[in-house]
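Bear in mind these aren't lab numbers, they're just calculated from the coordinates by the rules spelled out. On a predicted model such as this, the values are computed, not experimentally measured, just so you know.
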Amino acid sequence: MSPCQTCGACCASFRVSFPCYEVDVAPGGLVPEALVEPVGQDLVCMRGTASSPSRCVALRGAIGQSVSCAIYEFRPAVCRDFAPLAAVGRGDEACSEARRRHGLARLTPIAA
Ligand code: SF4
Ligand code: SF4
């Protein structure tokens, strides 16, 4: 099982912003329009992540216990690319910071 399935900290720590062309109203876009809000001229973010405390509206479950992404197949690239080795137990700085904010120990550092 991936450590991310019992974490979810990064989905409730940072503003999850990405280009408008990833929204499903654009050709080839995947992210449901109803779940995003505008950030700037060409950017949107996942609803719930621009506020403080932050929590993406697509995050299901309890952080640090059991979580899932309601739009996993349609999540933006910034989510797909975040901490790519976390699924195998190796965290980077952003992953560690997110986990720290939620009182979770960091994963094994990538450089270790
Ligand atoms: S990438 Fe890191 S912070 Fe995000 S869910 Fe996985 S372990 Fe948690
Ligand atoms: S879209 Fe999914 S993976 Fe991305 S921040 Fe929201 S819950 Fe997390």
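Kindly work out what percent of the DSSP beta bridges joining two residues of the chain are antiparallel, to the nearest 5.
If I count the DSSP bridges inside the chain, around 75 percent turn out antiparallel.
Where does the chain land at 222 nm, in deg cm²/dmol rounded to the nearest 500, when only DSSP H runs of n ≥ 4 count, each adding -39500 (n - 2.57), divided by all residues?
Mean residue ellipticity at 222 nm (helix-derived): -3000 deg cm²/dmol.
Would you kindly work out the equivalent ellipsoid of the chain from its C-alpha gyration tensor and give its semi-axes, the square roots of five times the eigenvalues, largest first in whole Å?
Here the semi-axes work out to 25, 14, 13 Å.
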